[in-house]
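Student: Structure below; questions to follow.
Throughout, read-outs are computed from the coordinates displayed, never taken from laboratory work. Quantities reported herein were computed from a predicted structural model and do not represent experimental measurements. For neighbour counting, all protein chains shown are included, and Cβ atoms are generated from backbone atoms with ideal geometry for every residue, glycine included.
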């Protein structure tokens, strides 16, 4: 078995060269220069790196391919102009990386998983096709040399997009709010330089081949920004709903859960289990409540407050069953949520005229047409009494 020449880390700088970066071109080129100087000061680390630089706008420009930093007099200069074509950028890597890995292996090197340092200041143009290309690039069952992508978003780049670009949420970063574009570019190159040198030095020292990413205080984790954005969206939605719902209107569990699951469908199973428990509890409470109502009416009849001949007149009574209480007339309240009830009454046994026998009374809710329908009505909260 032939002895390898050692381990190499292919590093790709995938830089946004769209028109929106025009004001930061000088910062990009200064960053390239500082990266080169730092690598030349660390020859042991530079020897373990093969550097490629690709700029993307409407298309992709390959400015440097598999270069040994020690052999370069300077790194290429970047420019700006055009759109922000993510699809072209990832398509170029999908073609370039497998080819480069084969080349390095044919030269006798052991090739580590490539590292792509992605920088963009805006949202992709050209739709969502880039996601499919990106998926093929990063799927190791499709691309055996699928790279680790460390993604940095500055300016107008959205955290959720940068999170989708990175191959791990721990490798997705966005500049802190209010950061100047030029400063963010400079900090990107500082992070890139530190990460490349530390990873390469670890290889030179025979340490495990692990990509070491050094972050800067000028960047924050994209996942944290995404979580905060979702929380803020939730707060705005609740505020909008509160303003849209008239004062005093009650919200039921089902509508609230449906609204929540639109935003968080992954919680469907747990939400449905909780809702089922609530329904079971409510069913038991309804049964107990109706039983107590029946006992109350039976007692009224036993006390001669209500007689058998008075039962039809109960249709004119106002019985408020809302909230699980027997409140009598509904005073100053709306009956939007009135649940129809029916009153059934019958003698417990057959008897001769003039004999006293028990009268069984039951209040029912839901289906069925037996008994007398009860009707609620409203009385004003204030005004002359009866």
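Student: Once both labels are modelled 7 Å past Cα along the beta-carbon direction, what's the residue 284-residue 62 spacing in nm?
Tutor: 7.1 nm
Student: OK, next. So if we plug the beta-carbon distance of residue 205 and residue 79 into 1/(1 + (r/R0)^6) with R0 = 56 Å, what FRET efficiency do we get, rounded to 0.05?
Tutor: The pair residue 205/residue 79 has a calculated efficiency of 0.90.
Student: Continuing with this model, one more query. Tell me the volume per residue, in Å³, of the convex hull enclosing the alpha carbons of segment 1-132.
Tutor: Per-residue hull volume (Cα only) is 99 Å³.
Student: Under the 0.36 nm per residue contour assumption, what length would be gained going from the current alpha-carbon distance of residue 261 and residue 233 to full extension? Each step should come with its number before you reach the end.
Tutor: Numbers: separation 28, 0.36 × 28 = 10.08 nm, distance 1.41 nm.
Result for the pair: 8.7 nm of gain on full extension.
Student: Using a Förster radius of 56 Å, what is the FRET efficiency between residue 275 and residue 99 based on their Cβ-Cβ separation? Nearest 0.05, please. Write out the running numbers ahead of the final one.
Tutor: Values: r = 55 Å, r/R0 = 0.98.
Efficiency for this residue pair is about 0.55.
Student: Then there's this: What ranking, highest mean first, results for peptides 273-286, 57-70, 117-130 when packing means the other Cβ atoms within 10 Å averaged over each residue?
Tutor: Top of the packing list down: 117-130, 57-70, 273-286.
Student: Compute the FRET efficiency between residue 364 and residue 303 as 1/(1 + (r/R0)^6), taking r as their Cβ-Cβ distance and R0 = 25 Å, and round to the nearest 0.05.
Tutor: Efficiency, rounded to the nearest 0.05: 0.65.
Student: What share of all Cα pairs of segment 7-226, in percent, falls into each consecutive 5 Å distance bin?
Tutor: 1, 7, 16, 21, 22, 18, 10, 4, 1, 0
Student: Still on this structure, I have one more. Using Cα-Cα distances under 8 Å and only pairs 6 or more residues apart, what relative contact order does segment 128-186 have, in percent? Don't skip to the answer; put the middle values down first.
Tutor: Values: 62 pairs, mean separation 16.1, N = 59.
About 27 percent, as a whole number.
Student: While we're looking at this one, here's another question. Evaluate the distance, in nm, between pseudo-label points positioned 7 Å from the Cα of residue 268 and of residue 107 along their respective Cα→Cβ axes.
Tutor: 5.2 nm
Student: If you average the sequence gap of Cα pairs under 8 Å that are 6 or more apart and divide by the length of segment 7-226, what percent do you get for the contact order?
Tutor: Working: 453 pairs, mean separation 51.5, N = 220.
Across segment 7-226, relative contact order equals 23 percent.
Student: Could I ask something else about it? Put a dot 7 Å past each Cα toward the Cβ at residue 168 and residue 41; how far apart are the dots in nm?
Tutor: According to this spin-label approximation, the distance is 2.8 nm.
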